[in-house]
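Peer 1: Please find one structure pasted underneath; my questions will follow.
The values are calculated or read from the model by the stated rules, or taken from the named source; none is laboratory data. The model shown is predicted, which means the values in this text are computed figures rather than measured ones. All Cβ positions, even for glycine, are placed from backbone atoms using ideal geometry, and neighbour counts span all protein chains on display. For accessibility, only protein heavy atoms count, side chains too; no ligands or nucleic acids. Shrake-Rupley method; radii C 1.70, N 1.55, O 1.52, S 1.80 Å.
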Amino acid sequence: MSVSLDLTKMNLFLNEEELDVRRKQAAAICRELLERDDKDQVLGWRTLETSAVQLDVMRQKAEEIRKDADVFVIVGVGGSNQAARAMIEALQDREGPEIVYLGNTLSPYYISHTLKRMEGKRVYIDVIAKNFETLEPGSHFRILRQWMKERYTKEEMAKRIIVTGTLGSRLEEIAKENGYLFLQFPIPVGGRYSAFTPVGLFPIMVAGLNADAFLDGVKSAMDDCRMNPVTNPATGYASARNLLYGKGYDIEMLVSFEPQYAYMAKWWVQLFGESEGKEKKGIYPAAAIYSEDLHSIGQYMQDGRRNLIETFVSVKNPKAEAVIEPDPEFGDRFDYLDGMDFDRINKAAEGATWEAHANGGVPCIRLGVEEISERTFGELYYYFMMACAVSGTLMGVNPFNQEGVEEYKRSMFAALGK
Ligand code: PA5
């Protein structure tokens, strides 16, 4: 296991006994989630058999795209693009096509500028939309098809368009009508739980990431949750944050000293925000990348209202080095850093922040990650999904629906004449 949970600072905020009791409750929920009949069709993410489908088809197509494309457009929003984007932004090698994101905004500026950037390039697109009713991916697919129609023959378009949707959706019919490759968005997997389905897997394959290592990581966390329901990081983390929530801590900051995790944090915000924020309940999820954000919200974290939980995602091995060489000629008064590697400097800043914030009244939780890699992304994603499902259940909400998001859509569709 490359992900570990550190609750040592919890003794300042929770007593051991209540944590033990909550861990047992969380473990019972974890077991139940793993074993119950999935009659609501929301638990497909708990096994790779239901989620990681069509691997060979995807591998073959991804190889073609890496060879023949200059630009690969991922069209999707929310759960339909965040997991893949987080991994690509963190790990993509610089060979292969440039990855571009559409279907995630309604900004005319962003759309027109992205299309301009694609001019003269060999383009492939993957349109990811569970039921193909969401405005952003639907409208961008329209624009992209028009754009491609002016540049490619029907046969070329069929080769260059891949769609990822549910069986029986309009997207599947469009794929059949036009000869596009159709990848499955498994029905019993919700958007924000779809990282290990073709939704997440195909884009990371196109980006040249190691999908097998990613799935190995997922599998290892799955086995851990199944075999160790009390001691795995997911139920421990869910228990601590749930107890803290009961004591009035209703904002959680996910923080990391690794900017490589910026989009992972965005993925996490969506997972927890959409899963828990309902029925006037929920911990508000926010994220920050330190040390930069210490210069904006560091003051508040140290000294503001005491309703914040801070979860550190701590990377042990950055797999990079940058040493400051001594040079007396510079006279910059930074000589105390002579000979130091930035890993040491970064870790010193992290350790100091952890101590100062905990002592200042912020319950600090740490998820230690050995290194940032496909494998640890797999573990982290699965642990967070399980933690979210357990935590939502402990809170008494359904972590798999998102009725609240429909509210603004009703007025928006009315305004657009749908
Ligand atoms: O987690 C979810 O279910 C949502 O965030 C969806 O992923 C998001 O709304 C996009 O939905 P769709 O794939 O149907 O376009």
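Peer 1: Is one or more of the residues making up segment 349-362 in a loop (DSSP other than H, G, I, E, B), more than 22 Å from residue 239 (Cα to Cα) and open to solvent by less than 20 Å² (accessible area, probe 1.4 Å)?
Peer 2: No, because not a single residue in segment 349-362 is in a loop (DSSP other than H, G, I, E, B), more than 22 Å from residue 239 (Cα to Cα) and open to solvent by less than 20 Å² (accessible area, probe 1.4 Å).
Peer 1: With crowded, with 18+ Cβ neighbours inside 10 Å and away from the ligand (no atom under 16 Å from the Cβ) as the only criterion, which of 300, 245, 284 stands out?
Peer 2: That would be 245, the only listed residue that is crowded, with 18+ Cβ neighbours inside 10 Å and away from the ligand (no atom under 16 Å from the Cβ).
Peer 1: If you don't mind, another one. Which numbered condition in (1) modelled with pLDDT under 95; (2) more than 21 Å from residue 285 (Cα to Cα); (3) not in a helix (DSSP H, G or I) is the only one that residue 401 fails?
Peer 2: Single failed check for residue 401: (2).
Peer 1: Across segment 277-297, what is the number of residues that are in contact (Cβ under 8 Å) with a residue 12 or more places away in the chain, of a type outside the set (D, E, K, R) and not in a loop (DSSP other than H, G, I, E, B)?
Peer 2: Residues flagged as in contact (Cβ under 8 Å) with a residue 12 or more places away in the chain, of a type outside the set (D, E, K, R) and not in a loop (DSSP other than H, G, I, E, B) within segment 277-297 amount to 7.
Peer 1: Hey, another quick one. Find the residue count for segment 175-185, including only residues that are open to solvent by 10 Å² or more (accessible area, probe 1.4 Å) and at negative phi.
Peer 2: 7
Peer 1: So if I check each of 325, 321, 310, which one is assigned to a loop (DSSP other than H, G, I, E, B) and closer than 20 Å to residue 369 by Cα?
Peer 2: 321
Peer 1: Only residues that are without any contact (Cβ under 8 Å) to a residue 60 or more places away in the chain and either part of a loop (DSSP other than H, G, I, E, B) or in contact with a helix residue (DSSP H, G or I) (Cβ under 6 Å, 6 or more places away or on another chain) (or both): list them for segment 201-230, please.
Peer 2: 228, the sole residue that qualifies.
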